[in-house]
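A.B. asks: Can you read through this structure? Questions will come right after.
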Amino acid sequence: MTTMYLISFFAVVIAVAFAAYLAMWVKRQNLGNARIEQIGKLIRDGANTFMRREYKLLACFAGVVAVLILIFLPRPFWSEGANFLDNVKMVIAYVAGTVMSAITGKLGVYVATLANTRAARAASEGIKPAFLVGFRGGAVMGLGVVSMCLLGVMLVLMLAGDTTALLGFSFGASSLALFAKAGGGIFTKTADVSADLTGKVELGIPEDDPRNPAVIADNVGDNVGDVAGMGADLFDSNVAAMAAALVLAFSLDGGFGVCAEMVFCYAALGLLASALGIAFARIGKNGNPTNALNASTYVTTGIFLVLTAVSNLIFFSGEAIAWRVWGASAVGLVVGVIIGLTTDYFTDDTRPIVKRVAAASKSGPAFTILSGVAYGFISALPAMIGIAISALVAYKLLEPMGGSYPLFGIAMAAVGMLSIVGMIISNDAYGPIVDNARGLAEMGDMGDETVRICDELDSAGNTVKAVTKGFSIGAAGLTVISLLGAYISEVNEAAGKVVIDVLNIIDPTVFFGILIGAAIPAVFSAMLILGVDRNAQRMVAEIHRQFREIRGLKEGKADADYDKCIDIATQGALRELIPAGLFAIIATILVGFIGGVSAVGGFLLGNIVSGLLLALFMSNSGGLWDNSKKYVEAGAEGGKGSNAHKAAVVGDTVGDPFKDTAGPSINTQITVVSLVASLLATLFLNISIF
């Protein structure tokens with residue numbers, strides 16, 4: 001393990017140094033005109049204000065949870081055989097997970113709000129320099145998230161010496177990610193929906209017209225939702241994948257052994273592969289940004305597969321398990337790329353599906369919604385098949401090894417799928433940076449050609465964001481399957497015997513858990529969407545008030561009160577983010593105390609299947625509606641101001657909370673409940689009604 005720790009530390013140092021170089025490179029780029037600098041400051045201040053208030057609230061929540069962990073986990077400190085020091089280690093690990101997740105979000109927003117103004121200015125020179133600023137700004141987030149993840153897991157395991165504390169670290173990352181993604185998603189979609197409905201549909205003004213009071217809140221939301229929220233989400237997914245794999249590795253090896261070594265080796269090489277892929281990412285003078293982003297993903301994939309194959313020859317050549325594990329991780333990674341390609345087919349505006357929905361919009365918004373919902377459901381099938389195939393192949397590859405090795409194979413497929421997460425986050429964070437740049441270019445009066453270039457970059461960002469969401473949901477699927485295996489391992493270890501070997505779905509307690517678990521993602525999603533709905537109604541009323549009461553606002557002779565809209569989005573998001581997350585956690589605990597460990601196993605199974613389906617459907621249908629709107633705005637089906645355009649905007653406003661609030665929050669929700677189940681396994685064993 002010493003060698004693997006050194007390789008991991010070496011990878012972290014290289015990635016952090018490269019991220020620092022990229023951040024300084026972005027900061028050195030020209031800011032643009034004074035108007036852009038002024039608007040950029042409003043966006044930056046709004047994002048920092050929201051995150052400061054959000055983190056204060058989440059710090060209070062984390063403090064309460066930390067006290068409960070100190071009392072009850074891993075065992076109630078007064079129970080027989082309990083060691084209070086273990087509870088202290090668990091608390092420290094939990095707090096470390098929340099803090100490191102928060103730091104990654106803050107880092108991402110800091111760089112994104114530096115890059116947006118510079119990308120807008122660079123767009124006046126052409127698509128190539130603007131692409132580089134946007135992508136390199138996003139890459140700082142990508143490298144930072146994965147470096148913090150690997151460093152955190154390594155330090156917890158080195159200092160605590162056991163995987164129970166690692167589950168605490170993962171729970172800290174997951175719980176903060178759940179609320180950060182939900183809060184940021186509610187904020188951003190409150191502003192986005194309000195700005196679109198009042199601006200484009202009611203008043204017929206452009207998307208980022210400075211007369212619209214919600215326009216700055218919309219740009220703030222891109223940062224707190226799509227940068228900080230998504231970064232926390234993928235930090236959580238990566239930590240959870242490593243934690244699940246290491247829990248199973250320890251159960252197989254009885255501690256630090258070849259399985260744990262391979263987890264760290266592959267994670268470190270994935271970080272190095274991402275850094276190399278980012279370094280070689282380029283676009284031609286008249287290149288296609290979507291192709292450039294996808295090509296960088298393929299290059300990173302190839303580098304990872306080569307590096308891990310070489311590491312097998314150097315470090316694990318005498319191990320019978322080595323090439324089986326490599327095969328499992330390779331299958332996970334390749335299937336992740338394939339899921340991305342299928343998502344691209346359903347959401348890219350150069351593909352037929354987007355064009356069909358745009359054509360349907362000519363007949364009215366009802367047909368926009370109907371066609372988008374139908375194609376969204378269809379789009380979930382290829383990804384679900386991909387997740388199923390990767391889990392099956394990984395299981396079968398390690399099945400001859402016996403014991404829990406097949407489940408370890410699934411865990412390594414998840415690690416493989418997330419191995420290039422540094423590149424995936426870079427692509428994802430690129431999206432909100434160029435989206436902000438598009439708004440800044442319009443509000444800063446930089447000319448139609450600059451806005452057109454930013455639109456092209458933004459369209460690529462929307463497509464790639466849909467791809468990265470599909471990728472992260474697929475990885476979450478494999479992760480939670482392996483977390484289900486980790487839960488079973490924790491139950492059997494706590495009981496000192498085999499309590500759960502397989503989950504018998506005919507068992508009434510298991511079936512009870514399946515039904516409840518399957519319903520949770522739907523209710524969780526509904527709570528988040530209703531949060532956006534309530535908040536957006538308040539903001540729409542405020543926008544109407546400003547246009548009614550501020551003289552000269554409609555004519556552009558007076559300034560809008562942007563701060564009021566930012567405040568409405570902030571207060572509403574903070575009010576709505578806690579209930580949905582608590583609902584999922586409390587439901588897990590209640591099922592455990594009612595039905596026991598078998599019911600919780602069924603609960604996790606139902607939650608996984610239902611959650612993956614809903615997450616894929618909402619993410620893809622939302623991306624499809626968004627790009628259908630952009631396709632119409634580019635001149636198709638009558639262009640801006642046409643009936644098709646108004647219908648497409650309605651579709652986009654429905655899709656906004658689907659793709660950026662509820663959809664991507666579900667994969668964090670299923671991770672959180674899986675970790676809660678594993679951490680409370682001992683309590684569920686000892687206390688249950690049935």
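A.B. asks: On average, how much accessible surface per residue is there in region 575-690, in Å², for a 1.4 Å probe, leaving out ligands, DNA and RNA?
C.D. replies: 25
A.B. asks: Fully extended, how many nm does the chain gain between VAL13 and GLU202 (0.36 nm per residue separation, minus their Cα-Cα distance)?
C.D. replies: 62.8 nm
A.B. asks: Could you work out the percent of alpha carbon pairs in region 399-546 separated by over 23 Å, rounded to a whole number?
C.D. replies: 64
A.B. asks: Let me ask you something else. Please give the Cα centre distance for region 477-515 versus region 616-661, rounded to the nearest Å.
C.D. replies: 41
A.B. asks: Over all directions, how big on average is the projection of the convex hull of the alpha-carbon atoms in region 559-649, in square nanometres?
C.D. replies: Over all viewing directions, region 559-649 projects a mean Cα-hull area of 9.2 nm².
A.B. asks: Sorted by accessible area (1.4 Å probe), largest first, how do TYR395, TYR21, TYR5 line up?
C.D. replies: TYR21, TYR395, TYR5
A.B. asks: Over what distance in Å are the Cα centres of region 97-166 and region 1-28 separated?
C.D. replies: Distance between centres, Cα-based: 12 Å.
A.B. asks: Which of the aspartates and glutamates could be linked to LYS557 by a straight reach, that is with a Cα gap under 16 Å, when you skip same-chain ones fewer than 8 residues away?
C.D. replies: Result set, ordered by chain and number: ASP209, ASP445, GLU549.
A.B. asks: LYS27: which lysines have alpha carbons under 17 Å from its alpha carbon, excluding same-chain residues fewer than 8 sequence positions away?
C.D. replies: LYS41, LYS106
A.B. asks: If the convex hull of the alpha-carbon atoms of the chain is projected onto planes in all directions, what is the mean projected area in square nanometres?
C.D. replies: Here the figure is 26.9 nm², rounded to one decimal.
A.B. asks: Taking Cα atoms, how many degrees apart are the long axis of helix 643-657 and the longest axis of the chain, rounded to 10 and kept between 0 and 90?
C.D. replies: The angle comes out near 30 degrees.
A.B. asks: Something else about it: Can you list the HN-Hα couplings for region 18-27, worked out from phi with the Karplus curve (6.51, -1.76, 1.60; θ = phi - 60°), rounded to whole Hz and with x for Gly and Pro?
C.D. replies: Each residue of region 18-27 in turn: 5, 4, 5, 4, 5, 4, 5, 4, 4, 5 Hz.
A.B. asks: Now a separate question. Tell me the angle of helix 127-160 to the major Cα principal axis of the chain, expressed in degrees between 0 and 90 and rounded to the nearest ten.
C.D. replies: Around 20 degrees separate the two axes.
A.B. asks: Related question: Whole-Hz Karplus ³J(HN,Hα) for region 76-81, in order, using 6.51 cos²θ - 1.76 cosθ + 1.60 and θ = phi - 60°, x for Gly and Pro?
C.D. replies: x, 4, 8, 6, 5, x
A.B. asks: Still on this model: Taking a cut-off of 29 Å between Cα atoms, list the lysines near LYS497, but don't count ones fewer than 8 places away on the same chain.
C.D. replies: Leaving aside lysines fewer than 8 places away in the same chain, those within reach of LYS497 are LYS89, LYS396.
A.B. asks: Same structure again: Count the net charge of all other residues whose Cβ sits under 15 Å from the Cβ of ILE186, scoring Lys and Arg as +1 and Asp and Glu as -1.
C.D. replies: -4
A.B. asks: Let me ask something additional. Going by average Cβ neighbours within 10 Å, how do the peptides 237-244, 525-532 rank, with the highest at the top?
C.D. replies: In descending order of packing, they fall as 237-244, 525-532.
A.B. asks: For a protection proxy built on the mean count of beta-carbon atoms within 10 angstrom, sort 49-60, 178-189 highest first, please.
C.D. replies: The most tightly packed comes first, giving 178-189, 49-60.
A.B. asks: List, in order, the whole-Hz ³J(HN,Hα) value for each residue of region 674-680 obtained from phi through the Karplus relation with A = 6.51, B = -1.76, C = 1.60 and θ = phi - 60°; use x for Gly and Pro.
C.D. replies: Using θ = phi - 60°, the values come out as 5, 6, 4, 4, 5, 5, 9 Hz.
A.B. asks: A further question follows. If we restrict to alpha carbons, what Rg and Dmax does region 111-220 come to, in Å?
C.D. replies: Both quantities, over Cα of region 111-220: 19.8, 62 Å.
A.B. asks: Right, something else. Can you give me the angle between helix 34-72 and the longest principal axis of the chain, using Cα atoms only, in degrees from 0 to 90, rounded to the nearest 10?
C.D. replies: 20
A.B. asks: Now, a different point. Rounded if a/c is under 1.5, else prolate if a/b beats b/c, else oblate: with a ≥ b ≥ c from the C-alpha gyration tensor eigenvalues square-rooted, which is region 363-406?
C.D. replies: It is prolate, given that a/c is not under 1.5 and a/b is the larger ratio.
The values are calculated or read from the model by the stated rules, or taken from the named source; none is laboratory data. These numbers come from a predicted model, not from an experiment. With ideal geometry, Cβ positions are generated from the backbone for all residues, glycine too; neighbour counts draw on all protein chains shown. Side chains included, ligands, DNA and RNA excluded: accessible areas come from the protein's heavy atoms. Shrake-Rupley method; radii C 1.70, N 1.55, O 1.52, S 1.80 Å.
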